[in-house]
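The values are calculated or read from the model by the stated rules, or taken from the named source; none is laboratory data. Keep in mind that this is a model prediction, so the values were computed, not measured. Glycine also receives a Cβ, built like all others from the backbone with ideal geometry; neighbour counts cover every protein chain displayed. All accessible areas refer to the heavy atoms of the entire protein, side chains included, with ligands and DNA or RNA removed. Shrake-Rupley method; radii C 1.70, N 1.55, O 1.52, S 1.80 Å.
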Amino acid sequence: MTAILIKDINQFFGNLVSVSSLLVFYVLMGLILWVFPDYSILDGYYSSMNSFFTVAPMILLFLIPALNRDAIAEELDTGTLDLLLTRPITSLQIVLSKFLSGIIIISIALFPSIMYVLSVYWLGNPVGNLDMGGVIGSYIGLFLLCSVFTSVSIFSSSLLKNSISSVLVSILLCFLLYWGLYLISSLPVLYGKWDYWVQWMGLDFHYAELGKGLVGLHSIVYFFSIVTVFLFGSFLNIERLKR
Amino acid sequence: MGIQVQNISKSFGTQTAVQNLTFSAINGEILGFLGPNGAGKTTSLRMIAGHLIPDSGNILYDGIDIWQNPVEAKQMIGYLPESNPLYYDLYVKEILGFYARLHHIPNSKNRIEDVIEMVGLNKEQKKKVGNLSKGYKQRVGVAVAILHDPEILLLDEPVSGLDPNQLADISELIRNLAKTKTVIYSSHILSEVEKTCDKVLIISDGELKVIDRLDVLKAKSVNSQIIWATFDVKIDGKLLRRIEGIKNATCIAGNTWKIEAVPNVDIRRNLYDWTVVNNAPLLESKVEESTMASVFKELTKE
């Protein structure tokens, strides 16, 4: 597994397009959080990281599928996956390696955001006037959200040989899971009866709960279940190549 | 020691790609895997390499079933697919390093250096794989296949796209490797198969047609004797065709004739007697040997 991890991370940082995507992410986040007035942390009346944790999922919804576009799709297209299947490694190990490389890459992408936390911490009056419980909960939520988006991207990448189709399907699935269920819950047929439970099934609901600092077991189990479902789907897609 | 393929079959939908294929190959042997396009060669090799699961049958490497102990069995094989898939954005050493880690090769640096030397990649080792010529990419493919020193090598068209010098080098390398390994070698270049392989397997329409030693196979081939003869004088074709046992005689150029005998008849003595009686001295004569191409054609014709 480490062999694929090292190769994928090497390939990622050796690819100008991938590294550029990260740079665009950093610039975009910097502009939204520090320059544009609507979400600017500096224009807020409270020392809070809320604007970061509100904007981040919207950008990650596009960024993660783009970063993982070639995770399996390119290997399918070029035939290197066929060769990998003749090596002493199982399909499950291939999927887990791809998932872990995706997680490592997005963690590297999010790591500099710690600077935002430190900035708000030091800018607060008095210094340190920041709800650290909420920040830690939100980071846990963001990490779990990234795990789901990565597993969805790996799944699409294992389903389609074409990178662009893979990115589009990933974005659609991530959108449906994040906001789609919330939007569906407002349908008249569900409103007042099932709307709470339909919202409960969406990522947005659990992400918001974690953001309040409520790290509930049910939310953790929920995120892990979705990751497992999509990784299992990816595993089945690879196993199908042997048939 | 070696590989045993027992009754493997594979269908894709309603189309049968391989049917009840059974053969074995032992250590130190190069088995040529031949067949026309669409005969099921690549599907068979994919099953043997552990990429495709057969619908039925077993594949054993030194007695280890590939589908019961896949990880252990796959350590024993080196596979070079026909399309030679490689990571074009990696450097030669990076790609070899990746496969070395995948196979947990101890002292991988030394092994990578040795393999680079063996396949003749020294000059190109600092380039990205995507920037190499086709011949050198093929060498990288061979390097990837032999890196973990497998006991069984499956080479699907290993010399396609190589120039004559590269072809000679890679063939030599395969012959050297085969001294201690079992090699299954699929190729469309029959002359190369004749030079390289000890044994030949021919499949057609997914079925095994024959498997035998190359010399035995050639000897078994029922072919008409063909003699290429150049006479010192002009010859009347009608007279030549009257020789007993001759089926046909065609003038190729000047006084050179292609003389074909009826099946299973040796016409050399009759031809010699005829030249003496007709005062037609022979300057040159050559009996055409049964080639792999004629054996192949005979066994795979519709």
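Exposure check, 1.4 Å probe, all protein chains in place: A:Phe111 carries approximately 150 Å² of accessible surface. Projected over every direction and averaged, the convex hull enclosing the alpha-carbon atoms of the protein assembly as shown yields 35.7 nm². Once A binds B, the 1.4 Å probe can no longer reach about 2400 Å² of accessible area, counting both sides. Per-residue packing, averaged as other Cβ atoms within 10 Å, sorts the ranges A:198-209, B:2-13 into the order A:198-209, B:2-13, beginning with the highest. For segment B:85-125, a decrease in accessible area of 10 Å² or greater in the assembled protein chains relative to the isolated chain, with a 1.4 Å probe, applies to B:Pro85, B:Leu86, B:Tyr87, B:Asp89, B:Leu90, B:Glu94, B:Phe98, B:Tyr99, B:Arg101, B:Leu102, B:His103. Taking the longest Cα principal axis of chain A as reference, the axis of helix A:163-175 is set at about 40 degrees. For A:Tyr196, the accessible surface of its heavy atoms amounts to roughly 110 Å² (probe 1.4 Å, protein chains only, rounded to the nearest 10). For the options A:Leu67, A:Leu217, A:Leu168, a Gaussian network treatment of chain A with springs between C-alpha atoms closer than 10 Å singles out A:Leu217 as fluctuating the most. Just the accessible area per residue of segment B:208-248, please: how many Å² with a 1.4 Å probe? Per residue, segment B:208-248 has an accessible area of 61 Å². Distant-in-sequence amide contacts of B:Ala17, defined by a placed amide H-H separation under 5 Å and a gap of 5 or more residues or a different chain, comprise B:Lys10, B:Ser11, B:Phe12.
Might you work out the accessible area of B:Val276 for me, using a 1.4 Å probe with all protein chains in place, and round it to the nearest 10 Å²? Result for B:Val276: roughly 90 Å² accessible. Taken one residue at a time, the phi angles of segment A:183-196 give Karplus couplings (6.51, -1.76, 1.60, θ = phi - 60°) of 5, 5, 5, 7, 4, x, 5, 9, 4, x, 10, 10, 4, 4 Hz. Gly and Pro are set to x. Helix A:217-240 axis versus longest C-alpha principal axis of chain A: approximately 20°, rounded to the nearest ten.
Across peptide A:154-164, the mean count of Cβ atoms from other chains lying within 10 Å of each residue's own Cβ comes to 0.
Going by accessible surface with a 1.4 Å probe and the largest first, B:Asp169, A:Asp38 read A:Asp38, B:Asp169.
Taking θ = phi - 60°, what integer Hz values does the Karplus form 6.51 cos²θ - 1.76 cosθ + 1.60 yield along segment B:268-283, in sequence order, with x for Gly and Pro? Couplings: 4, 5, 4, 5, 4, 4, 5, 5, 5, 5, 8, 6, 10, x, 8, 8 Hz. Within the accessible surface of segment A:2-242, defined with a 1.4 Å probe on protein heavy atoms only, the carbon and sulfur portion equals 72 percent. Counting only DSSP H runs of at least 4 residues, each contributing -39500 (n - 2.57), and dividing by the residue count of chain B, the helix-based mean residue ellipticity at 222 nm comes to -9500 deg cm²/dmol. Sequence-ordered 3J(HN,Hα) estimates for segment A:136-141 from the Karplus curve with 6.51, -1.76 and 1.60 and θ = phi - 60° stand at 5, x, 5, 5, 4, x Hz, glycine and proline given as x.
Taking amide H as placed 1.01 Å from N in the peptide plane, the amide H of B:Gly78 sits under 5 Å from that of B:Ile152, B:Leu153, B:Leu154, each at least 5 places away or on another chain. Put simply, when B:153-161, A:123-131, A:136-144 are sorted by average Cβ atoms within 10 angstrom per residue, most first, you get B:153-161, A:136-144, A:123-131.
Determine the distance separating the Cα centre of segment A:33-53 from the Cα centre of segment B:155-229; give it in Å without decimals. Between the Cα centre of segment A:33-53 and that of segment B:155-229, the gap is 72 Å. The residues of segment B:1-153 expose on average 41 square angstrom of accessible surface per residue, using a 1.4 Å probe on protein heavy atoms. Just checking the listed ones, A:Met115, A:Met49, A:Met58: in the Gaussian network model of chain A with Cα springs under 10 Å, the one fluctuating most is A:Met115.
Name the most mobile residue of B:Ile53, B:Ile64, B:Ile246, meaning the one with the largest mean-square fluctuation, in a Gaussian network model of chain B with Cα contacts below 10 Å. Of B:Ile53, B:Ile64, B:Ile246, the most mobile in the Gaussian network model is B:Ile246.
Sorted into 10 angstrom bins from 0, the C-alpha pair distances of chain A split as 7, 29, 32, 22, 8, 1, 0 percent. Helical content of chain A, expressed as a calculated mean residue ellipticity at 222 nm, amounts to -23000 deg cm²/dmol (DSSP H runs of 4 or more residues, -39,500 (n - 2.57) each, divided by residue number, nearest 500). Remark on B:Phe33: its backbone amide H falls under 5 Å from those of B:Tyr185, B:Ser186, B:Ser187, B:Leu201, a criterion applied only to residues 5 or more positions apart or on other chains, H modelled at 1.01 Å from N.
How tilted is helix B:164-177 with respect to the longest principal axis of chain B? Cα atoms for both, answer in degrees (0 to 90, nearest 10). Result, in degrees: 70. Per residue, the solvent-accessible area of segment A:70-190 (1.4 Å probe, heavy atoms of protein chains only, all protein chains present) comes to 42 Å². The relative contact order of chain A, computed from alpha carbon pairs under 8 Å that lie at least 6 residues apart in sequence, is 25 percent. The accessible-area loss of segment A:79-108 on complex formation, taken against its chain alone with a 1.4 Å probe, reaches 50 Å² or more at A:Thr80, A:Leu83, A:Thr86, A:Arg87, A:Pro88. Counting protein heavy atoms only, chain B has 48 percent of its accessible area on carbon and sulfur, 1.4 angstrom probe. By the Cα gyration tensor, segment B:28-103 has an equivalent ellipsoid whose semi-axes, rounded to whole angstrom, run 24, 18, 12 from largest to smallest. Given chain B, report the % of alpha carbon pairs whose separation exceeds 29 Å. That fraction is 48 percent. Each Cα pair under 8 Å and six or more residues apart adds its separation to the average, and for chain B the resulting relative contact order is 20 percent.
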